[in-house]
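The values are calculated or read from the model by the stated rules, or taken from the named source; none is laboratory data. Source: prediction; values computed, not measured. Neighbour counts run over all protein chains shown; Cβ positions are idealised from the backbone, glycine included. Accessible surface areas use protein heavy atoms only, side chains included; no ligands, DNA or RNA. Shrake-Rupley method; radii C 1.70, N 1.55, O 1.52, S 1.80 Å.
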Amino acid sequence: MIRLAMMRHGHTPWNRAHQIQGRTDIPLDDQARVDLSEFALPAPWGEADLVSSPLARARETAEIVAGRSPETMDALTEMDWGQWEGKKGVDLQADPNSGFRDIEAWGWDYRPPEGESPREVWARIAPWLFARERDTLAVCHIGIMRMILAKAHGWNFDGPAPFAVKRNRLFVVELQDDMIRVADPEIIRLERRSV
């Protein structure tokens, strides 16, 4: 049984402005760097393989919290939001012609214009995921975490999600052959660094 712990990157200016980032490579903001420097990985995750999305916000989050450089994995790049990157969900939601939907009504085939569907994201993550040979910590994005957690929980983007992806926590799943399930414990808080 292999375990994968996932951590969401720190805040960026677009996060704080509620803009959709997707693959747009927005760096962490200064406050995020300060906030992340207060945390460390709990045992035994400091010894796990460390990987991240190639996007700067994930890579830098991994470096700050783990104190070492991650190996970057293209499979962990955030979901492609196509024409909606840089826009605000509330503005898209207010436009009846946009096609924007809340996550509870996506299904696996929902796709932003010129973007990726959850099914397509899963198709690029799954080969990497099931090739893990050691416990791994992945610093990535909410979209990537949603796909993996949806599969682990058996959720089909239909109705309220059985999880909430928050920052400064590790979300852990177990992998065996082509099976994925929620680990116990499912969520582990980062540790505060001693001063």
Ellipsoid semi-axes in whole angstrom, largest first, where each is sqrt(5λ) of the Cα gyration tensor of the chain: 26, 21, 14
Inter-probe distance in nm under a simple model that places probes 7 Å from Cα toward Cβ, at R33 and E120: 3.4 nm
Förster radius 45 Å - calculated FRET efficiency between N97 and R68, Cβ distance, rounded to 0.05: 0.45
Normalised per residue, the volume of the convex hull around the Cα set of region 29-142 (Å³): 131 Å³
Rounded to whole Hz, the Karplus (6.51, -1.76, 1.60) HN-Hα couplings of region 42-47, x for glycine and proline: x, 5, x, 6, x, 9
Cut-off under 5 Å, modelled amide H: who pairs with F130 long-range: none
Under DSSP loop assignment and at most 11 Cβ neighbours within 10 Å, longest trypsin sites (Lys or Arg not before Pro)-free interval of the chain: 1-67
Computed over region 37-84, the ratio Rg/Rh where both radii use C-alpha atoms and Rh is Kirkwood: 1.06
Apportionment of accessible area to carbon and sulfur, the chain, percent (1.4 Å): 46 percent
Mean accessible surface per residue for region 27-67, computed with a 1.4 Å probe while every protein chain stays in place, in Å²: 39 Å²
